[in-house]
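The values are calculated or read from the model by the stated rules, or taken from the named source; none is laboratory data. As the structure is a computational prediction, the values presented were derived from the model and not from experiment. Glycine also receives a Cβ, built like all others from the backbone with ideal geometry; neighbour counts cover every protein chain displayed. SASA here: full protein model, heavy atoms, side chains in, ligands and nucleic acids out. Shrake-Rupley method; radii C 1.70, N 1.55, O 1.52, S 1.80 Å.
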Amino acid sequence: MSRISSTYRTLKQHNRTALIPFITAGDPAPQDTLEIMQALVRHGADLIELGVPFSDPMADGPVIQRANERALKQGISLAGVLQLVAQFRRSDTRTPVILMGYLNPIEVFGYEQFAVRAAAVGIDGVIIVDLPPEEAPPLNGHLRDKQIDQIFLVTPTTTERRIESIAGIASGFLYYVSVKGTTGGKGADPVEVNDRLRLLRRKTDLPLAVGFGIKDADTAARVAGYCDAVVIGSALVETIHAAVTKGGDIAAQVGSFLAPVRNTLDKAA
């Protein structure tokens, strides 16, 4: 059983909603990423979503776009991200790590080589925003060979037929984009989220995560009752950048941001 499946199973047994924070690898600097990841785990992260910097992050709003730009200026690459995960695994072999990014860096790396290297450093899943299910099988085959989950996005406008197609190839969990548009936009509407998740549960047995519209503890709590996990990204990335700008302790600010979200989710269980 994969780390992702094992984590969801354990959380379900304890009636807990998974908390999945997103950060951009290499932002504010590569040497900070390991410390931030460790702080996320200390303060309640069940899985970590690690953004792979890319020059044209079309699904991301301004906050994460700027984080990508800062990371790229630091010289971070896909190979560098994998090395950061290898360092993280020296102290943490339990927490699932999911890469989120775009197809181009993986194509340049090579599908098979990427799968081999990702498995070797302890990657558990990948989310490739611009890879539709129709074009996924070549990469998906290499990932499955290495027991790496390929996680797909489902949006408010995804048709039932397409949901079925996505569910047929996805593993790990399905990621429901709770708002139309890019990351960091308006907050999620719990009623709309509930309606869509009911539909998704009729199409798949995979756990369901909700993201793109989770801004804080209150928003997380309002959707937690309908899903298996909440993903919080832009607000966390902004918190990290603010800590750097003000010269504060990044890890401490990460904890101050994430701990209330974890506590609220536990109280809502």
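Things to note:
- Size of charge dipole - the stretch 170-265 - debye, nearest 20, with Cβ of Lys, Arg +1 and Asp, Glu -1, no other charges: 280
- Spin-label pair Ala268-Val121: with each label point 7 Å from Cα along the Cα-Cβ axis, the two points sit 3.2 nm from one another.
- Principal axis dimensions, largest first and in whole angstrom, of the chain by Cα: 47, 42, 33
- Where a label projected 7 Å from the Cα of Ala252 along Cα→Cβ would reach, residues of the stretch 31-53 with amide N under 18 Å: 32, 35-40, 42-43
- Computed [θ] at 222 nm, helices only, for the chain once each DSSP H run of length n ≥ 4 contributes -39500 (n - 2.57): -15500 deg cm²/dmol
- Working ranking of peptides 218-227, 73-82 by packing, defined as the average number of other Cβ atoms within 10 Å per residue, highest first, is 218-227, 73-82.
- Residues of the stretch 152-176 with amide N under 19 Å of the 7 Å Cα→Cβ point at Ser2: 152-155, 163-176
- The share of accessible area on the stretch 119-269 that comes from carbon and sulfur is 47 percent, using a 1.4 angstrom probe.
- Computed about the Cα centre, the dipole magnitude for the stretch 200-256 is approximately 280 debye when only Lys and Arg (+1) and Asp and Glu (-1) carry charge, each at its Cβ.
- Using the average count of surrounding beta-carbon atoms within 10 Å as a protection proxy, the listed peptides 21-34, 144-157 rank, highest first, as 21-34, 144-157.
- Using the Cβ-Cβ distance between Glu134 and Gln83 with R0 set to 22 Å, the FRET efficiency works out to roughly 0.10.
- Across the stretch 1-99, the fraction of Cα-Cα pairs farther apart than 17 Å, rounded to a whole number, is 52%.
- Under the span-like rule (Cα at least 27 Å along the axis, Kyte-Doolittle mean at least 0.0), DSSP H helices of the chain: 250-268
- A 1.4 Å probe run over the protein chains yields, for the chain, 43 Å² of accessible area per residue, whole-number rounding.
- Each label point was placed 7 Å from the Cα along the Cα-to-Cβ direction; for Leu199 and His14 their separation is 3.4 nm.
- Taking the accessible area of the stretch 1-108, probe 1.4 Å, and keeping the other protein chains in place, the carbon and sulfur fraction comes to 48%.
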